[in-house]
């Protein structure tokens, strides 16, 4: 059983980013991944496809895909309204924030309002985390501290901020780290050792990342079975409130 907590599907012609859900499913099948959480490339409320396309994609593959609505906090009340609208759709189970694309730091009041609304709606929030200004680990940590009731998931700091992301997550109990967008398997092991196996989740950033190599990154650590199961699906299932995967009870 494997849940990938971070993927993308969209036909966002503005930037020629055309990754239909069929591509995501094909990569999932090649890697043996059961379920992937996907988000669009465009952001609500300005991009209608953030909601419309996302629901359509998940409906095409309801037992394989889960939607995370990507939002721009600068939309203020309209963004919060779109989050409430998303709650009408069981296909959507989370929110995505990308501080580099929307130029809003995670501790900005507009962003904190999104984090708090997500908690109110029982949505976890995935925040892009890496080396770029606006999405560095402690910038996310400040947002996490401002909204401790919100479950936040983020990368392990890109290429250069791995240790920083682990220190941030240790200081913020509501932050989980995902295993995508880093090339170093031992950083995953360090995150497990420092945070505990309950605070790390598998992800590949499919199709930008390769699910096969990202999965091997975990398998090659030779974790004990209980720990590996937590990383690969149990932690994600708990965050998402899933009680079964593809008809199989957890």
(message) So for the stretch 111-125 (the condition being in contact with a strand residue (DSSP E or B) (Cβ under 7 Å, 6 or more places away or on another chain) and either under 20 Å from residue 204 (Cβ atoms) or touching a residue at least 60 places away in the same chain (Cβ under 8 Å) (or both)), does at least one residue qualify?
(response) yes
(message) List the helices (runs of 4 or more DSSP H) inside the stretch 175-250, counting only whole elements, that have at least 1 residues being modelled with pLDDT of 95 or more and more than 18 Å from residue 126 (Cα to Cα).
(response) 185-195, 211-219, 225-229
(request) Would you be able to tell me the number of residues in the stretch 103-112 that are out of contact with any helix residue (DSSP H, G or I) (no Cβ under 6 Å at 6 or more places or on another chain) and either buried (at least 18 other Cβ atoms within 10 Å of the Cβ) or within 10 Å of residue 71 (Cβ to Cβ) (or both)? (result) 1
(request) State yes or no: is residue 72 over 23 Å from residue 110 (Cα atoms) and either in contact with a helix residue (DSSP H, G or I) (Cβ under 7 Å, 6 or more places away or on another chain) or surrounded by fewer than 23 Cβ atoms within 10 Å (Cβ to Cβ) (or both)? (result) no
(request) Within the stretch 18-50, work out how many residues are surrounded by fewer than 24 Cβ atoms within 10 Å (Cβ to Cβ), farther than 30 Å from residue 219 by Cβ and within 17 Å of the chain's Cα centre (by Cα). (result) 1
(message) Just checking, does the stretch 240-247 include any residue being touching a strand residue (DSSP E or B) at 6+ places or on another chain (Cβ under 8 Å) and on the phi > 0 side of the Ramachandran plot?
(response) yes
(request) Please give the number of the condition residue 133 fails out of (1) more than 25 Å from residue 57 (Cβ to Cβ); (2) buried (at least 24 other Cβ atoms within 10 Å of the Cβ). (result) (2)
(message) Quick check on my filter: what residues within the stretch 160-174 are in contact with a helix residue (DSSP H, G or I) (Cβ under 7 Å, 6 or more places away or on another chain) and either under 17 Å from residue 218 (Cβ atoms) or in a helix (DSSP H, G or I) (or both)?
(response) 162, 164, 165, 166, 168, 169, 170, 171
(request) Kindly indicate which of 141, 157, 130 is modelled with pLDDT under 95 and touching a helix residue (DSSP H, G or I) at 6+ places or on another chain (Cβ under 7 Å). (result) 157
(request) Quickly run through the stretch 119-159 and pick out the residues that are within 18 Å of residue 214 (Cα to Cα) and assigned to a loop (DSSP other than H, G, I, E, B). (result) 128, 129, 130, 155, 156, 157, 158, 159
(request) Quick one: count up the residues across the stretch 193-213 that are surrounded by fewer than 24 Cβ atoms within 10 Å (Cβ to Cβ), closer than 24 Å to residue 28 by Cα and in contact (Cβ under 8 Å) with a residue 12 or more places away in the chain. (result) 9
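Residue by residue, here is whether (1) modelled with pLDDT of 95 or more; (2) over 22 Å from residue 141 (Cα atoms); (3) more than 17 Å from the chain's Cα centre (by Cα) holds:
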| position | (1), (2), (3) |
| --- | --- |
| 8 | yes, yes, no |
| 11 | no, yes, yes |
| 84 | yes, yes, yes |
| 94 | yes, no, no |
| 97 | yes, no, no |
| 115 | yes, no, no |
(request) List every residue pair whose Cβ atoms lie under 7 Å apart, where the two residues are 6 or more positions apart in sequence or sit on different chains, the first residue falls within the stretch 164-192 and is closer than 12 Å to residue 140 by Cα, and the second residue, located anywhere, is at pLDDT below 95 and assigned to a loop (DSSP other than H, G, I, E, B). (result) 164/157; 165/129; 165/156; 165/157; 177/156
(request) Residue by residue through the stretch 96-112, note down the ones that are on the phi < 0 side of the Ramachandran plot and assigned to a loop (DSSP other than H, G, I, E, B). (result) 98, 104, 105, 106, 107, 108
(message) I need every pair where a residue in the stretch 81-101 that is within 14 Å of residue 50 (Cβ to Cβ) has its Cβ under 6 Å from the Cβ of a residue that is assigned to a loop (DSSP other than H, G, I, E, B), sequence separation at least 6 or different chains.
(response) 82/45; 94/123; 94/124; 95/123; 98/128
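The values are calculated or read from the model by the stated rules, or taken from the named source; none is laboratory data. Just so it is clear, the model here is predicted, and its values are computed rather than measured. For neighbour counting, all protein chains shown are included, and Cβ atoms are generated from backbone atoms with ideal geometry for every residue, glycine included.
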